[in-house]
Amino acid sequence: MALPFAGAHVMAYSIASLLRGALSGNRDWQRTWRDAVPQDRYDVVIIGGGGHGLATAYYLAAQHGIRKVAVLEKGWIGSGNAGRNTTIIRSNYMMPGNIGFYELSMKLWERMEQDLGYNTMVSQRGIVNLYHSDAQRDAYARRGNAMRINGIDAELLDLDAVRRMMPFLDYDNARFPIMGGLLQRRAGTARHDAVVWGYAHAASRLGVDIIQNCEVTGFLLDARGTVTGVETTRGTIGAGKVGMAVAGNTSRVAAMAGLRLPIESHVLQAFVSEAIKPLIPGVITFGAGHFYVSQSDKGGLVFGGDIDGYNSYAQRGNMPTMEDVCEGGMALMPMIGRVRLLRQWGGIMDMTMDGSPIIDRTPVEGLYLNGGWCYGGFKATPGSGLVFAHLLATGTHHEEAKRFRLDRFMRGATIDEKGQGAQPNLH
Ligand SMILES: Cc1cc2nc3c(=O)[nH]c(=O)nc-3n(C[C@H](O)[C@H](O)[C@H](O)COP(=O)(O)OP(=O)(O)OC[C@H]3O[C@@H](n4cnc5c(N)ncnc54)[C@H](O)[C@@H]3O)c2cc1C
C-alpha cells in the first residue's frame with residue numbers, strides 16, 4: 001500500500017533521507033509521528049495505543065479512507081503488552097477460524113516494512129516446537145498436516161534433524177528426551193516497539209491523531225443507549241464509533257459500558273539474559289514443560305513460560321513462576337544456567353476461556369471489541385488491525401474473523417486452540 005499523502009512534520013524514510021540525516025550531523029530529523037491534542041469529535045475513536053489499536057487506525061485510514069480517527073492511550077504508545085512481549089510471530093495454528101486468520105497476519109508481517117515505510121526488523125528465523133513422546137509427535141503431525149492443507153509451511157523433524165539444527169540441547173540425560181520437532185520456517189521474531197512506532201508513523205502520516213496520556217474513564221451514551229463518545233482525562237471526545245483494543249484492561253474498560261466478558265486478566269512474565277554470541281538459530285519451544293526461547297539481535301536470550309496463575313492487573317511477576325521458567329530452561333539446555341539474567345518484567349494477558357480472540361460488535365450499539373488475545377496477540381497485530389478496521393468501517397466481519405464472535409461462548413462454538421494461547425481454566 002503506497003502512502004498517498006504525507007502529513008506535516010512527519011518523517012518519511014528513504015535512502016536519501018537517511019543520507020541527509022547522516023550528513024547533517026543528525027540535526028534534521030523530524031518526528032516519527034504527531035503527538036496530537038484531542039479534537040471535539042472523530043468518526044472513529046480507538047481506545048488503546050498498543051499494536052492492535054494503532055494497526056486498526058492505520059488500516060481504517062489506508063484501506064477504508066477513514067482518516068478522522070483518534071487513538072487514545074492512557075500512558076505512552078507501546079507501554080502495554082506491545083512493548084512487553086517476547087516478539088514471536090508464527091502461524092502454526094490448527095483450528096478453523098484461527099488458522100486462516102494467523103496466516104493472513106503472517107502474510108502482512110512479510111510485507112510490513114514496505115507497507116509502513118518503517119524498519120520493524122521482521123526476521124523469519126523459524127520456530128521449532130519440540131516433542132517428547134509418541135502422542136505429542138502425533139499431535140504435532142496433525143497440526144502440521146492441518147497447516148499444510150491450508151497452504152502454510154510446516155515440517156515434521158526427526159531427532160537427527162533437530163540435533164543438527166540445535167546441537168546445544170540436552171539429548172543425553174533429559175527427564176523427557178527430545179524425539180523431534182515441528183518446524184515452521186516462516187515464523188520468527190520482529191522488534192516489538194518498532195512495530196508500534198511503525199504503525200504510529202504510517203497512521204500519523206495518513207492523518208490519524210495519536211493522543212497519549214489520555215485515559216478513557218467512561219462512555220457517553222444517548223437516550224437509546226448508543227455510544228456517542230468517551231470521557232477521558234483530557235476531556236470529552238465525541239465519536240461516531242468506538243473500538244476497544246486495550247488487551248489486559250479489556251474487562252475493566254468494557255465494565256464502564258456495563259459489559260461483563262468471558263475474559264480473565266493474568267500476569268505473564270518475560271526474561272532477557274546478558275548478551276552472548278549467536279547461539280539460538282530461531283525460536284525453540286519445550287514440549288515437556290512451559291519454556292520457550294529465542295535470541296535477540298543484541299545477543300540476549302529472550303525467554304518465558306507460564307502465566308503466574310492468578311488474576312491481577314499488576315505489571316510485574318512473582319518468584320515461583322520465575323523459578324519454574326528457569327527450571328524449564330535448565331531442563332532443556334543446562335548450559336543456560338551459566339548465563340546471567342539481565343531483566344525481567346510482566347504484562348497483563350486478556351485470557352479467554354477457549355484461548356482464541358474476540359473481534360466483534362458488543363451489545364452496546366456503536367461500541368466494538370478487539371480483545372482476548374491471551375498470550376498470542378503480538379503475532380496477530382497486523383491481522384487484528386486489518387480485520388477490526390474492516391468491521392468498524394463496513395459493519396461486517398472480515399472473512400478471516402467470522403468465528404471470533406462474542407456470542408460463541410453462548411452458542412458453544414468455541415475455538416479450542418489448546419496450547420497456542422493457554423486457557424486460564426486449564427492451569
Ligand atoms: C511477557 C509477554 C510475552 C508475550 N509474548 C508474546 C509472543 O512472543 N508472541 C505473541 O504473539 N504475543 C505475545 N504476547 C502477547 C501480546 O503482547 C499481546 O497479546 C498483544 O500485545 C496485545 O495487543 P496490544 O499490542 O494492542 O496490547 P497493549 O500494548 O497492551 O495495548 C493496549 C493499550 O491500551 C491502553 N489502555 C488500557 N486501558 C486504557 C484506557 N482506559 N484508556 C486508554 N488506554 C488504555 C494500555 O495502556 C495499552 O497501551 C506476550 C505478552 C507478554 C506480556
Largest fluctuation, PHE291, PHE219, PHE176 only, Gaussian network model of the chain with Cα springs under 10 angstrom, belongs to PHE176
Within region 208-233, what residues put their amide N at less than 17 Å from the label point 7 Å along the Cα-to-Cβ vector of ASP40?
-> 228-232
Over region 266-414, give the accessible area per residue in Å² for a 1.4 Å probe, as an integer.
-> 40 Å²
Using alpha-carbon positions, what is the distance between the centroids of region 21-58 and region 65-98, in Å?
-> 15 Å
With R₀ set to 51 angstrom, the calculated FRET efficiency between the beta-carbons of LYS277 and GLN63, to the nearest 0.05, is 0.75
Between the modelled labels at ASP158 and THR396 (7 Å from Cα along Cα→Cβ) the distance in nm is 5.0 nm
Would you mind listing how long region 212-258 runs along its three principal axes, going by Cα atoms, in whole Å with the largest first?
-> 30, 22, 14
Mind jotting down a quarter of the surface of the convex hull over the alpha carbons of region 1-141, in square nanometres, one decimal?
-> 12.2 nm²
Quick one: Karplus J couplings for region 17-26, per residue in order, coefficients 6.51, -1.76, 1.60, θ = phi - 60°, nearest Hz, x for Gly and Pro?
-> 5, 5, 5, 4, x, 5, 6, 9, x, 6
Can you tell me how much longer the chain between ARG142 and MET410 gets when fully stretched, taken as 0.36 nm per residue apart minus their C-alpha distance, in nm with one decimal?
-> 93.6 nm
Using the heavy atoms of the protein chains and a 1.4 angstrom probe, tell me the accessible area per residue for region 150-196 in square angstrom.
-> 48 Å²
Divide by every residue of the chain the summed helix terms, -39500 (n - 2.57) for each DSSP H run of at least 4, and state the resulting mean residue ellipticity at 222 nm, rounded to the nearest 500 deg cm²/dmol.
-> -8000 deg cm²/dmol
Top of ARG164, ARG111, ARG260 by mean-square fluctuation, Gaussian network on the chain, Cα under 10 Å = ARG164
Shape descriptors of region 189-321 over alpha-carbon atoms, Rg and Dmax in angstrom, are 19.8, 63
Could you quote the convex hull projected area for the chain, Cα atoms only and averaged over all directions, in nm²?
-> 21.0 nm²
Short version: ³J(HN,Hα) in whole Hz for each residue of region 289-303, in order, from phi by Karplus 6.51 cos²θ - 1.76 cosθ + 1.60 (θ = phi - 60°), x for Gly and Pro, what are they?
-> x, 9, 7, 9, 8, 9, 10, 6, 5, 7, x, x, 7, 9, 9
Where in region 146-189 is the amide nitrogen less than 13 Å from a point lying 7 Å along the Cα-to-Cβ axis of MET335?
-> 166-171
Run the accessible area of the chain with a 1.4 Å probe and give the carbon-and-sulfur part as a rounded percent.
-> 51 percent
Provide the per residue accessible area, probe 1.4 Å, for region 82-121, rounded to a whole number of square angstrom.
-> 32 Å²
Quick one: Cα centre-to-centre distance for region 352-367 and region 279-320, in angstrom?
-> 28 Å
Indicate the gyration tensor shape class of region 276-427 (rounded, prolate or oblate), computed on the Cα atoms with a ≥ b ≥ c the square roots of the eigenvalues: a/c under 1.5 is rounded; otherwise a/b larger than b/c is prolate and the rest oblate.
-> prolate
Principal axes first, then extents: for the Cα atoms of region 164-225, list largest minus smallest coordinate on each axis, whole Å, largest first.
-> 68, 32, 22
If the cut-off is a Cα-Cα distance under 19 Å, which lysines reach LYS277, setting aside same-chain residues fewer than 8 apart in sequence?
-> LYS298
To the nearest 0.05, how large is the calculated FRET efficiency for ALA314 and ALA22 if R₀ is 35 Å and r is the Cβ-Cβ distance?
-> 0.20
Put HIS132, HIS9 in order of accessible area, largest first, 1.4 Å probe: what do you get?
-> HIS9, HIS132
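The values are calculated or read from the model by the stated rules, or taken from the named source; none is laboratory data. Remember, predicted model here, so these are calculated numbers, not experimental data. Reconstructed Cβ throughout: ideal geometry from the backbone, glycine too, with neighbour counts over all protein chains shown. Note: areas computed on protein heavy atoms with side chains; ligands, DNA, RNA excluded. Shrake-Rupley method; radii C 1.70, N 1.55, O 1.52, S 1.80 Å.
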